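For reference, the structure discussed in these notes is given below.
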């Protein structure tokens with residue numbers, strides 16, 4: 001299919017973009033990488049009257065890594081994030097998640113903000129944002145700047161808390177200070193780059209004795225939004241992560257999921273898969289050997 005007719009304007013500044021979004025309301029969509037929006041338009045699942053091209057706005061690009069927070073412009077390319085060594089040291093889960101995002105060709109063009117704004121519950125970057133409790137910064141002409149946690153930003157499949165005239169401008173990723181930070185990300189899909197049937201992610205911090213001092217974990221593809229479990233992560237703190245503990249936490253997390261069924265897998269299988277994947281990533285991040293699940 002082909003996209004429905006639409007108008008196109010290349011924004012000259014962020015203010016110009018916000019003015020256009022305010023004038024058109026829900027009939028306008030920002031576009032930068034286009035790796036999610038353009039296919040939706042081609043299938044006529046999205047029919048914006050106006051595309052506001054924010055791709056060339058310097059204010060929305062780049063990464064600044066600080067001691068406690070890494071601030072990323074929303075139109076920063078996924079490939080640029082993947083190759084940023086300083087960002088990898090500060091927020092290691094991002095590179096681990098990006099390895100599963102589409103293919104090199106799509107990551108060359110796709111943006112971090114675009115993936116988050118698209119809000120696919122199977123997507124890797126929304127899961128990373130929820131696990132790390134990232135902050136999303138939105139701007140509009142009428143309301144100015146608004147900041148939302150990832151948990152409050154994702155509402156339902158491909159539905160976010162962004163208002164019609166708002167534009168996602170930046171993402172703030174918490175930086176875990178100190179040594180011993182490790183992470184892992186794993187998913188299962190029919191083919192690499194396809195939508196995940198289930199995904200699991202974790203980031204942990206171990207002391208010199210291998211005791212967990214901080215943890216964050218979550219699941220993707222098994223509910224209408226990415227799922228993070230700070231209460232279950234807290235159960236890992238002060239303990240060594242071993243096979244039994246990882247299994248208990250993973251099963252507790254999977255029990256809270258609400259997966260659907262389709263031609264590829266039913267809900268019961270997806271829930272089992274979520275538990276297996278979360279157990280694996282916890283053990284891998286902790287450096288503990290994992291036995292094959294029964």
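The values are calculated or read from the model by the stated rules, or taken from the named source; none is laboratory data. This one's a predicted model, so the numbers in the text were calculated from it and none came from an experiment. Heads up, the Cβs are rebuilt from the backbone with ideal geometry, glycines too, and the neighbour counts pull from every protein chain shown.
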>> Taking the criterion of being in the same structural domain as residue 116 (by TED's automatic domain parsing), surrounded by fewer than 13 Cβ atoms within 10 Å (Cβ to Cβ) and touching a residue at least 40 places away in the same chain (Cβ under 8 Å), would at least one residue in the range 67-74 satisfy it?
In response: yes
>> So if I check each of 245, 232, which one is in contact with a helix residue (DSSP H, G or I) (Cβ under 6 Å, 6 or more places away or on another chain) and either at pLDDT 95 or above or crowded, with 16+ Cβ neighbours inside 10 Å (or both)?
In response: 232
>> Checking the condition in contact with a strand residue (DSSP E or B) (Cβ under 6 Å, 6 or more places away or on another chain) and closer than 30 Å to residue 54 by Cβ, which residue from 215, 201 passes?
In response: 201
> Within the range 248-265, which residues are part of a loop (DSSP other than H, G, I, E, B) and surrounded by 14 or more Cβ atoms within 10 Å (Cβ to Cβ)?
Replying inline: 256, 257, 259, 260, 265
> Which residue pairs have Cβ atoms under 7 Å apart, sit 6 or more places apart or on different chains, and have a first residue in the range 177-194 that is on the phi > 0 side of the Ramachandran plot and a second that is not in a strand (DSSP E or B)?
Replying inline: 180/207; 193/102; 193/103
>> Please go through the range 41-52 and give me each residue that is surrounded by fewer than 17 Cβ atoms within 10 Å (Cβ to Cβ) and either under 23 Å from the mean Cα position of the chain (by Cα) or part of a loop (DSSP other than H, G, I, E, B) (or both), ordered by number.
In response: 43, 44, 45, 47, 49
> Which one of these is outside any loop (DSSP other than H, G, I, E, B) and modelled with pLDDT of 95 or more: 201, 223?
Replying inline: 201
> Is it the case that some residue within the range 120-133 is in contact with a strand residue (DSSP E or B) (Cβ under 8 Å, 6 or more places away or on another chain), assigned to a strand (DSSP E or B) and buried (at least 16 other Cβ atoms within 10 Å of the Cβ)?
Replying inline: no
> Do we find a residue being in contact (Cβ under 8 Å) with a residue 24 or more places away in the chain and within 15 Å of residue 130 (Cα to Cα) anywhere in the range 235-247?
Replying inline: no
> When the range 218-236 is examined, which residues are found to be touching a strand residue (DSSP E or B) at 6+ places or on another chain (Cβ under 6 Å) and over 29 Å from residue 118 (Cβ atoms)?
Replying inline: 236
> Restricting the search to the range 146-159, which residues are surrounded by fewer than 22 Cβ atoms within 10 Å (Cβ to Cβ) and either in contact with a helix residue (DSSP H, G or I) (Cβ under 7 Å, 6 or more places away or on another chain) or without any contact (Cβ under 8 Å) to a residue 12 or more places away in the chain (or both)?
Replying inline: 151, 152, 158
